[in-house]
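What follows is a single structure, written as structure tokens, with notes after it.
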Amino acid sequence: QTKKVKQGLLQTLLTKGIGHTKFKASPLGKIPASWEVVKLEDVANVERGKFTARPRNDPKYFGGQYPFIQTGDITRSDGKVRSYSQTLNEKGLAVSRLFPKGTILLTIAANIGDVAIMGFDAAFPDSLVGITSNNRSNSLWLFYFLGVQKDYLESKATQNAQKNINLQILRPMQIALPPLPEQKAIANIFEGVDNQLAAETAKLASLQKLKKGLMHDLLTGKVRVV
């Protein structure tokens, strides 16, 4: 139910905002009168990841102290990357690039349009794009906005050996941008729902674990029911 509530809020708040009564026509449809239509590159720095080693799986580049994020790490995350499956050493970092904690990651190959926020400094390959907001956009609001663009991005993907999105498509992508205070207010609402969702998910997992233990004890006779 909380997931359904969040989906409804995403649809409403990212297109109609909070408490607006005046709207105007725009290239993106009807939006609040105080909003403006801008390009993604106007409100954020958009850069591909980097890893120029060849062959890519050469072990001499791996096994060091620098996290190296893969598309699968994004897909498995709950919106924030807290773990990683691979690391680079100094030689690997020399052919890659370290992005700062808080960077928004967007997959542009294979599973196009998955997003997550990095919880630590990390490097990643060019199948991911790093997006950092500037002083016109709130990073958390931008993360939630990009999170609902998956269908749009997939529709724009080029088909080669596999689907992919390039920066020539991503950077000029149009955004209906609220004023900064409203961006922050919208982001806070979504963050509150996500916190509630995380708590309920943890409670569900705890109950499922309890049920599994009870079933084992009762069905094996370890605990007798009188």
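For this structure, a couple of remarks:
- Cα-projected label distance for Leu207 with Asp42, points at 7 Å along beta-carbon direction, nm: 4.7 nm
- Scattering curve values for the chain, log₁₀ I(q)/I(0), Debye with Cα scatterers, q = 0.07, 0.12 Å⁻¹: -0.30, -0.75
- Summing charges over neighbours of Phe99, with a neighbour being any other residue whose Cβ is under 15 Å away from its Cβ, gives +1 when K and R count +1 and D and E count -1.
- One quarter of the convex hull surface built on the alpha carbon atoms of region 113-155 amounts to 3.7 nm², the projected area averaged over directions.
- Of all accessible heavy-atom area on region 43-161, the percent that carbon and sulfur account for (1.4 Å): 46 percent
- Once backbone amide H atoms are built at 1.01 Å from N, Glu36 has Leu177 as its partners under 5 Å, excluding neighbours fewer than 5 places away on the same chain.
- Based on C-alpha pairs under 8 angstrom that are at least 6 apart in sequence, region 140-226 has a relative contact order of 26 percent.
- Were the residues from Thr12 through Lys222 laid out at 0.36 nm apart, the gain over their Cα-Cα distance would be 70.4 nm.
- Taking a ≥ b ≥ c as the square roots of the eigenvalues of the alpha carbon gyration tensor, region 186-226 is prolate, as a/c is not under 1.5 and a/b beats b/c.
- Kirkwood hydrodynamic radius over Cα pairs of region 118-220, then Stokes diffusion coefficient at 20 °C and 1.002 mPa s, in µm²/s: 122 µm²/s
- Comparing Thr107, Thr75, Thr158 in a Gaussian network model of the chain (Cα springs below 10 Å), the most mobile by mean-square fluctuation is Thr158.
The values are calculated or read from the model by the stated rules, or taken from the named source; none is laboratory data. Predicted model, so just to flag it, every value in this text is computed and none were measured. We place every Cβ from the backbone using ideal geometry, glycine too, and count neighbours over all the protein chains shown. Surface accessibility is based on the protein's heavy atoms, side chains included, excluding ligands, DNA and RNA. Shrake-Rupley method; radii C 1.70, N 1.55, O 1.52, S 1.80 Å.
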